[in-house]
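**Q** This is the structure I have questions about; it appears just below.
The values are calculated or read from the model by the stated rules, or taken from the named source; none is laboratory data. Bear in mind that the values here come from a model prediction, so they are computed numbers and not experimental data. Cβ placement follows ideal geometry from the backbone for every residue including glycine, while neighbour counts extend to all protein chains displayed. Accessible surface is based on the protein model in full, side chains and every heavy atom, while ligands, DNA and RNA are left aside. Shrake-Rupley method; radii C 1.70, N 1.55, O 1.52, S 1.80 Å.
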Amino acid sequence: MQHSHEALDRPGGVARGGLLAPLRYRDFRILWTGMTISLVGDGVFLIAVAWESYALWNAPAALSIVGIGMTVPTIVFLLLGGVMSDRHDRRRVMACADGLRAAAVGVLAALVVTGALRLWELVALVAVYGAGTAFFTPAFEAIVPDLVPREELPAANALDQFVRPIALRLVGPVVGGGLLAISTGVAFAVDALSFIATLAAVLAIRARPPAGIPHPSTSSALKEGLRFVRSRTWLWGTLLSAAIAYLAFLGPTEVLLPFVVKNELHASAGTLGLILAAGGAGAVGAAAFMGRRGHPRRDVTIMYATWTLATICVAAYGLATAAWQLMLACLVFNALEAGGTIVWATIKQKHVPGRLLGRVSSLDWLISIGLLPLSFALTAPVAAVVGVRATLVGAALIGAAVTLGAYFLPGMTDIEHGGSGDPGLGDVTAVVPS
């Protein structure tokens, strides 16, 4: 479940001050240096895409179409991306994926600068971007346990959720708002250049090719991953509830928040950047707290509690009448989301074998966001009928109800009592630290 669309303990938790402990390991340090720079560029991209979409067509349908264009290729290629990340050197998979995304954003920047960009071209280019994401994300999630020792994974996940919102939701949007005052094309160009940092980083870390074992066919590999997910309530229940909850609230959030800022508050792109930056600050605070506190004993319970409360916060987007209120809502939403995501990432890394982690991560994304294109497609017509604000409030209530309901599925909390969620299997995550 990825409750941070465009993002991840051990008994005893993390020692105080342990948030930065994973940076002691060379390859993890190099990877996150490059990723941090690239994530700032991604934050710029988020603002630029939203503003350019409404510049081309000032209606909720514009960003809905762009959102569909970006997510459908991600969904289509995710399973293949997971198989590739389990079969091949994950750093090369990441490098190729980011090269593809850099090329797409670079073309987009050129079209904007020359004044030639049309809506269908924007949709086509973000589709290429989304395809690259489908290969990058499973490889990145699967490579982290290879870079740090098992006992450092909680701190690594907390550091992920600490750095990611600073770069993606705090610094990136603020920089993006400033660049948009110059030109949307300049903003896209900066994002394209930021991918160089990731490319350099993944090529600088040591190669870790998969173990020399016979590979099953692609279909057999996918079936093995599906069987693993299907046999564990904590996995399939969480992914299924995420798919339904995302259908309810993520499309309205992504599409209508920029619309409210631009058309109802009559604010600027800079204001939108500050609102998203407040969300980044909330996520950073949550990650710092989790990094010091460590993994909770009742991890599934805490995860579902934070995600349910976070989804309820979406209602505040529909009730807010001032930018500061949107900033506060975004801060609380992202703080709760980040806390739950840190727990979820560590649960997966603890209970999923290393050889399956790429496939399970791709299934995580695929099932979680599988209905997201439909969510984008429904947002504009629903908002036209019931209104923008009512759509946001309703989306929050439905999404929260679905998320909370999944917690009560039989067997959901079995792993809190020391089991793996599957009789006869223990914690079997394979980790090769560096």
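**Q** Filter segment 147-188 for residues that are of a type in the set (S, T, N, Q) and touching a helix residue (DSSP H, G or I) at 6+ places or on another chain (Cβ under 6 Å); which is farthest from Phe333 (Cα to Cα)? Show your work before the answer.
**A** Here is the first cut: in segment 147-188, the residues of a type in the set (S, T, N, Q) are 157, 161, 183-184.
Within this subset, residues satisfying the condition of being touching a helix residue (DSSP H, G or I) at 6+ places or on another chain (Cβ under 6 Å) are 157, 161, 184.
Numbers: Asn157: 19, Gln161: 14, Thr184: 28 Å.
If we take residues in segment 147-188 being of a type in the set (S, T, N, Q) and touching a helix residue (DSSP H, G or I) at 6+ places or on another chain (Cβ under 6 Å), then Thr184 is farthest from Phe333 (Cα to Cα).
**Q** Is it the case that some residue within segment 321-338 is of a type in the set (D, E, K, R) and open to solvent by 10 Å² or more (accessible area, probe 1.4 Å)?
**A** The answer is no; no qualifying residue exists.
**Q** Open to solvent by less than 20 Å² (accessible area, probe 1.4 Å), among the small types (Gly, Ala, Ser), at pLDDT 90 or above and more than 18 Å from Asp160 (Cβ to Cβ) - does that describe any residue in segment 70-81?
**A** no
**Q** For residues that are polar (S, T, N, Q) and either open to solvent by less than 10 Å² (accessible area, probe 1.4 Å) or assigned to a helix (DSSP H, G or I) (or both), scanning just segment 31-59, find the one that is nearest to Val255 (Cα to Cα). Can you show your working first?
**A** To start, the set of residues in segment 31-59 that are polar (S, T, N, Q) comprises 33, 36, 38, 53, 58.
Then drop every residue that is not either open to solvent by less than 10 Å² (accessible area, probe 1.4 Å) or assigned to a helix (DSSP H, G or I) (or both), which leaves 33, 36, 38, 53.
On the way: Thr33: 31, Thr36: 26, Ser38: 24, Ser53: 10 Å.
In this case the residue turns out to be Ser53.
**Q** Taking the stated definitions as given, is Ala131 modelled with pLDDT under 90 and in a helix (DSSP H, G or I)?
**A** Working: modelled with pLDDT under 90: no; in a helix (DSSP H, G or I): yes.
Criteria not met by Ala131.
**Q** Also: Does Val388 qualify as being aliphatic (A, V, I, L, M) and open to solvent by less than 10 Å² (accessible area, probe 1.4 Å)?
**A** Details: aliphatic (A, V, I, L, M): yes; open to solvent by less than 10 Å² (accessible area, probe 1.4 Å): no.
For Val388, the condition - aliphatic (A, V, I, L, M) and open to solvent by less than 10 Å² (accessible area, probe 1.4 Å) - is not met.
**Q** Out of Leu247, Leu147, Leu235, Leu240, which single residue is within 19 Å of the chain's Cα centre (by Cα), at pLDDT 85 or above, open to solvent by less than 30 Å² (accessible area, probe 1.4 Å) and not small (Gly, Ala, Ser)? Even if it seems obvious, please write down each step before you answer.
**A** Working: Leu247 fails: open to solvent by less than 30 Å² (accessible area, probe 1.4 Å); Leu147 fails: within 19 Å of the chain's Cα centre (by Cα); Leu240 fails: open to solvent by less than 30 Å² (accessible area, probe 1.4 Å).
Testing whether each residue is within 19 Å of the chain's Cα centre (by Cα), at pLDDT 85 or above, open to solvent by less than 30 Å² (accessible area, probe 1.4 Å) and not small (Gly, Ala, Ser) leaves just Leu235.
**Q** Another question, if that's okay. Would you confirm whether or not segment 269-278 contains a residue that is in contact with a Cys (Cβ under 7 Å, 6 or more places away or on another chain) and modelled with pLDDT under 85? Reasoning before the result, please.
**A** So in segment 269-278, the residues in contact with a Cys (Cβ under 7 Å, 6 or more places away or on another chain) come out as 275-276, 278.
Those left that are additionally modelled with pLDDT under 85: 276.
Yes: one or more hits.
**Q** For segment 280-305, name all the residues that are outside any loop (DSSP other than H, G, I, E, B), open to solvent by less than 40 Å² (accessible area, probe 1.4 Å) and within 18 Å of Lys350 (Cβ to Cβ).
**A** Passing the criteria: Met290, Gly291, Asp299, Val300, Thr301, Met303, Tyr304.
**Q** Please enumerate the residues belonging to segment 276-289 that are of a type in the set (A, V, I, L, M, F, W, C) and under 18 Å from the mean Cα position of the chain (by Cα). Give the derivation first.
**A** The initial filter retains those residues of segment 276-289 that are of a type in the set (A, V, I, L, M, F, W, C), namely 276-278, 281, 283-284, 286-289.
Within segment 276-289, Leu276, Ala277, Ala278, Ala281, Ala283, Val284, Ala286, Ala287 qualify.
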